[in-house]
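Read the structure below first, then the notes.
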Amino acid sequence: MVHKHGCYERYADPAGAKKQEDLESIQRYLCFPCGLTFSVLAPHRLPYRPVRAERLQGDFDQRAGIQTQGLDPPPRAVEAGCLQRAWSALSARVAALKDAFGQLVDSTVSDGLSLWRTLRQSFDSVSKMLCFLSQHHRIRWSEYGWPTTPVGNSGVAGGPAIAHLRVRRQSAYGYACNHFCEDR
């Protein structure tokens, strides 16, 4: 069982905050049995990435040729840099991601473009990709490119609004926390 453990503020825009309204509050939770703390992000947020999930997905779709039009509005310099770093991280981990997604990814996939195209055929959103990895492998994107452990069903009709659960620190006992996942 987890309990509220405070919150922290996060920039809503990749360029940072100019006003208090530009910050989002992120709730933190503590699992008493194992000592892990968690941050629960909204469905539009990606851990350690200051871009919105739908913007990242749109950018990746354009790079992979799935979508012909660019992002609207076009990304400014800071956001463009964030998107480029995310794409580089994905492209650098193709082999590991192929193993993690297993039979959902064609064996001929060899680069970031073909990997993204294949993943988009299987999943209609980045959040669902992250949830698959968490639910089927209990792994975090930090091992494969994007640091996160997602839970919930990211806005599927009738489901919770929780999109991502991120482990903030390791358990003092050295094992992963299953208490939150069992309550899904």
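Just so you know, all these numbers are worked out from the coordinates, no wet-lab data involved. All of these numbers come straight from a predicted model, not from anything done at the bench. Virtual Cβ from ideal backbone geometry, glycine too; neighbours counted across all protein chains shown.
Which of 22, 59, 111 comes first, and how do the rest follow, when ranked by fewest Cβ neighbours within 10 Å?
111, 22, 59
Here residue 128 is the anchor, and the lysines within straight C-alpha reach of less than 27 Å, apart from those fewer than 8 places off in the same chain, are 4, 98.
For segment 1-92, the set of trypsin sites (Lys or Arg not before Pro) satisfying both a DSSP loop assignment and a count of at most 10 other C-beta atoms within 10 Å is given as 18, 19. Distance between the modelled labels on residue 62 and residue 135, one decimal in nanometres: 3.1 nm (7 Å Cα→Cβ projection).
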